[in-house]
Amino acid sequence: MGRYIVGIAGASGAPYSKRVLQGLLAGGHDVKCVISDAGRRVLEVEERLLLTGNTNTDHPDILEWLGMESTGSQLELLHHKDVAASIASGSFHTDGMVVVPCSGGTLAKIANGISSGLLERAADVCLKERRKLILVTRETPLSLIHLRNMTAVTEAGAIVMPGSPGYYHQPKSVQDMVDMIAGRILDHLGVDSKLLQEWTGPEPAAYAETE
């Protein structure tokens, strides 16, 4: 099994975070999770998940939020100011990292190598060690500053994956759209999941309707 980092920053998109964590844990992978202060606030607003402690044992509500009875030792929650944590060092091997959601401010810090906390430092480590880094940006509209920062992180080796679901799979619910993005994230991390429906082309009937 692999070892992955999930960063949660202060942008709208907490359902994406939840689904990615569920997918990684369901696959038996080890997950190191770091959440910024703003990310904690977003979890509270969007998911009604209030985090006040710093470790797994301080957060029994995480299991309920994820819909799991236990994650065993698979999930480790790291404090965003603990720059001495394992993921702050390149000698600690990981198979990839995703920041989901990734705010414009977090994008800017990563793009310019400003490691003000563990989340940005872990992302910086992934770039310098040439490991996979996915940034699920959630700003709209985009300013020129955002676009330049996206160019900078892409040139440095990261993957910018906006949280913009498609509709060609005929989603029936918001959860279907969340699953599409989460499935794409997991796919790019190299993790198998049942969330992503592979596009094989439209049904023949779809052509008949347009004629």
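Only the coordinates and a few stated rules stand behind these numbers; no lab work does. Note that this is a predicted model, so its numbers are computed, not measured. Because the Cβ atoms are built from the backbone with ideal geometry, glycine has one as well, and the counts that use them run over all protein chains shown.
To the nearest Å, what is the center-to-center distance of the range 86-111 and the range 126-193, using C-alpha atoms only? Each part reduced to its Cα centre gives a spacing of 13 Å. The string of couplings for the range 125-132 from the Karplus curve (6.51, -1.76, 1.60, θ = phi - 60°) is 4, 4, 5, 6, 8, 6, 9, 5 Hz, one whole number per residue in order, with x for Gly and Pro.
Taking every alpha-carbon pair under 8 Å whose residues sit at least 6 apart, the range 125-171 reaches a relative contact order of 47 percent.
Classify the range 1-123 as rounded, prolate or oblate, taking a ≥ b ≥ c as the square roots of the eigenvalues of its Cα gyration tensor: rounded when a/c is under 1.5, otherwise prolate if a/b is larger than b/c and oblate if not. Note, shape of the range 1-123 comes out oblate. The angle separating the long axis of helix 14-26 from the principal Cα axis of greatest extent in the chain is about 80 degrees. Counting other Cβ atoms within 10 Å as a rough exposure proxy, the listed residues CYS126, CYS33 run CYS33, CYS126 from fewest neighbours to most. In plain terms, the residue of VAL174, VAL34, VAL191 with the fewest other Cβ atoms within 10 Å comes first and the most crowded comes last, giving VAL174, VAL191, VAL34. For the chain, the longest principal axis of the C-alpha atoms and the axis of helix 37-47 are separated by about 40°. 3J(HN,Hα) along the range 82-90: 7, 6, 9, 5, 3, 6, 7, 10, x Hz, from the Karplus curve 6.51 cos²θ - 1.76 cosθ + 1.60 with θ = phi - 60°, whole Hz, x for Gly and Pro. Relative contact order of the range 3-210: 22 percent, from C-alpha pairs under 8 Å at least 6 residues apart in sequence. Scanning the chain for chymotrypsin sites (Phe, Trp or Tyr not before Pro) lying in DSSP loops with no more than 13 further Cβ atoms inside 10 Å, the longest uninterrupted stretch between such sites is 1-166. Between helix 144-155 and the chain there is an angle of about 80 degrees, using the helix long axis and the longest principal axis of the Cα atoms. The count of lysine pairs in the chain that are at least 8 places apart or cross chains, and whose C-alpha atoms lie under 26 Å apart, stands at 18.
Under 5 Å between amide hydrogens, built in the peptide plane, is the criterion, and for GLY96 it picks out ILE5 among residues at least 5 positions away or on other chains.
Please order GLU120, GLU44, GLU64 by the number of other Cβ within 10 Å, starting at the fewest.
Exposure proxy ranking, most exposed first: GLU64, GLU44, GLU120.
When Rg and Dmax of the Cα atoms in Å is computed from the coordinates, the matching label among (i) 17.1, 56; (ii) 17.4, 63; (iii) 17.2, 48 is (ii).
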